[in-house]
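First the structure, in the form of structure tokens, and then the observations on it.
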Amino acid sequence: TIDTDLWVAEQPLKYFGLEVGTRMTVIRLNQNQLLVISPIQPDSELLEHLNQLGQVSVIVAPNLYHHLFLRPFQQNYPEAELWAPADLQQKLPDLQIDQVLNDHTIKQLNGIEAEQVIGFSTLTLAGYAPLSEWVFFHVRSRTLIITDLAFHVDRTSSRFAQLAFKLLGGYQQLRPSWLEKLATRDKERVQQSIQRILAWDFERVILAHGSNVEQEGKRQFQQGYEWFLGRSLSPAQ
């Protein structure tokens, strides 16, 4: 349990042979409905815990890369809606997306305004391997939920992950790596999205890879993207 109506589950995951781990976030909405962001490989223990928390009603693929376990999750929760970026449909043509994520489609969830529970913003890193990533803000707990926009590799991470981030930059810091910094071309677009995120009143940051940040998450997130963009940032008005 992270906070009221907010949970995470973690599993090992290797990326190009590097153990980076992965984390799923679960938000309970009204009427015990559960929204699952970036699902991990379901097993009997995980499914039992989820069923105790409520009914999985929405499964979210937050970007173009965190889709590995969508199908096994859908098999266990066939009535749940799948929310995903439009670009994922092009990447996986046979994937049935119920709700395409964009600035206009997220309005309601079974009669309540979604913004009362979670906020939404988009961020696409143009250039190398666009993420088409959706970022989530859990208002009640002041928590920002991100996937691949930043990493927070520290002493709790694998030794090889620590070494990689020491070499690439960003070890024990909440920020993207040098690879993203060098590959991204449309930094104006990134800055606009980051400033929208900074307008949210968040303290905690939940990440898919690395340790969560429990305190001063907004300050650290801002500093990380100031390094990434090479310029000062201020929240959008």
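Some notes on this structure:
- Available extension along the chain between LEU95 and SER141 is 13.3 nm, counting 0.36 nm per residue and deducting the alpha carbon span.
- Ellipsoid equivalent to segment 1-68 - semi-axes via the Cα gyration tensor, in Å: 22, 13, 11
- Relative contact order [Cα under 8 Å, 6+ residues apart], the chain, whole percent: 15
- Farthest toward the positive end of the dipole of the chain, out of GLY169, SER157, TYR65, is the Cα of GLY169, where the dipole comes from beta carbon charges about the Cα centre.
- A simple charge model with +1 on the Cβ of Lys and Arg, -1 on the Cβ of Asp and Glu and nothing else charged puts the dipole of the chain at about 840 debye relative to its Cα centre.
- In degrees, nearest ten, helix 187-198 long axis to first principal axis of the chain (Cα): 60
- Considering only the chain, percent of DSSP beta bridges that pair antiparallel, nearest 5: 65
- Rg(Cα)/(2.2 N^0.38 Å) for segment 128-225, N = residue count: 1.04
- Fully extending the segment from LEU68 to ASN102, taken as 0.36 nm per residue of separation minus the present Cα-Cα distance, adds 10.1 nm.
- Probe 1.4 Å, accessible area per residue of the chain, Å²: 49
- Taking Lys and Arg as +1 and Asp and Glu as -1, the other residues whose beta-carbon sits under 10 Å from that of PHE202 total +1.
- C-alpha long axis of helix 217-229 to longest principal axis of the chain, angle in °: 50
- log₁₀ of I(q)/I(0) at q = 0.17, 0.29, 0.33 Å⁻¹ - segment 29-69, Debye sum with one point per alpha carbon: -0.47, -1.03, -1.12
- Of the accessible area of the chain, computed with a 1.4 Å probe over protein heavy atoms only, carbon and sulfur atoms account for 48 percent.
- All lysines inside 21 Å of LYS166 as judged from Cα atoms, apart from same-chain residues fewer than 8 positions distant: LYS14, LYS181
- Structure-based [θ]222 nm, the chain - -39500 (n - 2.57) summed over DSSP H runs of at least 4, per residue, nearest 500: -7500 deg cm²/dmol
- Between the C-alpha center of segment 150-182 and that of segment 10-34 there is a gap of 19 Å.
The values are calculated or read from the model by the stated rules, or taken from the named source; none is laboratory data. Keep in mind that what you see is a predicted model, and the values were worked out from it rather than measured. Virtual Cβ from ideal backbone geometry, glycine too; neighbours counted across all protein chains shown. Heads up: the accessible areas ignore ligands, DNA and RNA and are worked out on the full protein's heavy atoms, side chains in. Shrake-Rupley method; radii C 1.70, N 1.55, O 1.52, S 1.80 Å.
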